[in-house]
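Chemist: One structure, as structure tokens, below. Some questions next.
The values are calculated or read from the model by the stated rules, or taken from the named source; none is laboratory data. Since the structure is predicted, the reported quantities are computational estimates derived from the model, not experimental observations. No Cβ is skipped: glycine too gets one built from the backbone with ideal geometry, and neighbour counts run over all protein chains shown.
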Amino acid sequence: MKLFDPARILKKEPVQGEIPSGKELLRETVAMAWPSVVESFLVALVGFIDTAMVSTLGSYAIAAVGLTQQPKFIGLCLFMAMSTAISALVARRRGEENRESAVHIVRMCILVTLILTAIISTAFVAFADPFIRFAGSASDTHEAAVEYFQVIMSGIVFTTVMLVINAAQRGAGNTKLAMRTNLVSNGVNVVFNYLLIGGNFGFPALGTRGAAIATVIGSACGCAMSVYSLFSKQSFVYIRGIRGWFASRFDIRSLMNVGMSAFVEQIFMRIGFLLFAITVANLGTTQYAAHQIGMNMMSLSFSFGDGLSVASVALIGRSLGQARRDLARLYSSMTRRLGLCFAFLMSMVFLFLGRTLFSIFSSETEILNLGEMIMRVLCVVIYFQITQVIMTGCLRGAGDAKFTAFSSLVSVAIIRPGLSWLLCYPCGLGLFGVWMGLFGDQFTRFILSFVRMKQGKWLQIKL
């Protein structure tokens, strides 16, 4: 039996044109996906390296930086939702060969991004202290976390603009651009981490503040590259030669439909993640440090699913724009199969090298013992995590953002924090209970997304 048989996959779907062979579909999927996978992996790897470099300051520094992550992502919610909508719409317009519409969408979203970033950045810097306190900071982590958070949010405009432009380029199929910008951004970040955290080559030793400054400098470099890409004549979203800053009413309505659902999804996710982080923070600095290292490990595995998810948005959006539901089904199946291959490889790495990886960050026996437990859980979680992330990308590419918002409400905002708290405190399982709650979230999202994909309603959405 063939590992990938288009005829078997499409047995209930009418064929609407010439069907490529399995090898051709694999080649197209890999060509679209590999830059996004590399990009996402590099982002996760730099987070891994960041944590390792900050860990030289002590467990408190790992915990302090970790405490800022969910408040930061709450500030980015609106822009992440916007990027989801932009990517889906530009992919659809690419399939329709309607460049003018795509350019108007991108221009308008950049303008809106600049205005909203100014407001959000100012508010988050001004109220950094209560935000971090609410996130669960302790006396030994609060000051460093507030300082780090204020620097990051002061320069967040580079991140938001890069996020929006890269989303448009991914939707247009230019996944290499996002990979290159993140490669430069993260490379610059690592270099300045080395210079500013510990103070090397005559630079001041700024500790966690230095790590934040390094992140902002890296984001500024990546943002400059993203903006430059809009002036390339080879780009589908080349912004010269087309007048006007505002999209059509139809495009605005489509943006709002997908964007608002994606925003609601982001809000549910961030509330759930924040409550989840607070649950862990209350266990103490050492436990939180071990948890934060584990989340960095998880982000490495997530990067493969996320990269394939980004590719699926472009491939499925383009296919549906061409009125090829059959190709959309085939690409969704191909990306999931590739995801399972990555899941197997990463689970083997975590199983046999888990303690060794944790030892990069800390030599404390308690952290290493907790790390072994976390890695065993991850070996199972990773299969559901990668698969559900890819299926969610397929649904987003089709514009089915309302369902993904519902899935996040049920799973991330309710099951993850609720089950984690129940298992951690009333059941007395501590950090193990927290990670079992995380498993419950990933498994639930997997089931919900799998059922939705099987129903096929996502193939009928108009954008």
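Chemist: With (1) at pLDDT 90 or above; (2) farther than 25 Å from Leu206 by Cα; (3) among the small types (Gly, Ala, Ser) as the list, and Ala123 as the residue in question, which single condition is left unmet?
Modeler: Every condition holds for Ala123 apart from (2).
Chemist: Something else about it: Being within 30 Å of Asp140 (Cα to Cα) and in contact with a Leu (Cβ under 6 Å, 6 or more places away or on another chain) is the filter here, so list the residues in the stretch 63-121 that pass it.
Modeler: Gln70
Chemist: In the stretch 225-234, how many residues are closer than 22 Å to Met80 by Cα and surrounded by fewer than 18 Cβ atoms within 10 Å (Cβ to Cβ)?
Modeler: Of the residues in the stretch 225-234, 2 are closer than 22 Å to Met80 by Cα and surrounded by fewer than 18 Cβ atoms within 10 Å (Cβ to Cβ).
Chemist: Still on this model: Within the stretch 298-342, how many residues are hydrophobic (A, V, I, L, M, F, W, C) and either in contact with a Lys or Arg (Cβ under 8 Å, 6 or more places away or on another chain) or within 12 Å of Val37 (Cα to Cα) (or both)?
Modeler: 11
Chemist: Then there's this: Conditions: (1) under 27 Å from the mean Cα position of the chain (by Cα); (2) hydrophobic (A, V, I, L, M, F, W, C); (3) within 24 Å of Leu177 (Cα to Cα). Ile242 meets all but one. Number of the miss?
Modeler: The one condition Ile242 does not meet is (1).
Chemist: Another question, if that's okay. In the stretch 382-402, which residues are in a helix (DSSP H, G or I) and either surrounded by fewer than 24 Cβ atoms within 10 Å (Cβ to Cβ) or among the acidic types (Asp, Glu) (or both)?
Modeler: Once the filter is applied, which keeps residues that are in a helix (DSSP H, G or I) and either surrounded by fewer than 24 Cβ atoms within 10 Å (Cβ to Cβ) or among the acidic types (Asp, Glu) (or both), the stretch 382-402 yields Tyr383, Phe384, Thr387, Lys402.
Chemist: What helices (runs of 4 or more DSSP H) lie completely within the stretch 1-112 and have 1 or more residues being modelled with pLDDT under 85, touching a helix residue (DSSP H, G or I) at 6+ places or on another chain (Cβ under 6 Å) and among the charged types (D, E, K, R)?
Modeler: By residue number, 22-54.
Chemist: Among the listed residues Phe344, Phe268, which satisfies the condition of being among the aromatic types (Phe, Trp, Tyr), part of a helix (DSSP H, G or I) and out of contact with any Leu (no Cβ under 6 Å at 6 or more places or on another chain)?
Modeler: Phe344 is the lone residue from the list that is among the aromatic types (Phe, Trp, Tyr), part of a helix (DSSP H, G or I) and out of contact with any Leu (no Cβ under 6 Å at 6 or more places or on another chain).
Chemist: Checking Leu340 against (1) more than 23 Å from the chain's Cα centre (by Cα); (2) surrounded by fewer than 18 Cβ atoms within 10 Å (Cβ to Cβ); (3) not hydroxyl-bearing (Ser, Thr, Tyr), which test does it fail?
Modeler: (1)
Chemist: Would you confirm, using the coordinates I've provided, whether Val237 is within 30 Å of Thr356 (Cα to Cα) and modelled with pLDDT of 80 or more?
Modeler: When the stated conditions are applied, Val237 does not pass them.
Chemist: Next up: Which is at pLDDT below 90, farther than 30 Å from Leu368 by Cβ and touching a helix residue (DSSP H, G or I) at 6+ places or on another chain (Cβ under 6 Å), of Phe250, Phe263, Phe273?
Modeler: From the options Phe250, Phe263, Phe273, the qualifying one is Phe263.
Chemist: For the stretch 22-43, does any single residue satisfy the condition of being within 28 Å of Gly272 (Cα to Cα), over 16 Å from the mean Cα position of the chain (by Cα) and among the charged types (D, E, K, R)?
Modeler: No.
Chemist: Same structure, new question: Of the residues in the stretch 28-37, how many are surrounded by fewer than 20 Cβ atoms within 10 Å (Cβ to Cβ) and not aromatic (Phe, Trp, Tyr)?
Modeler: So the count comes out to 3.
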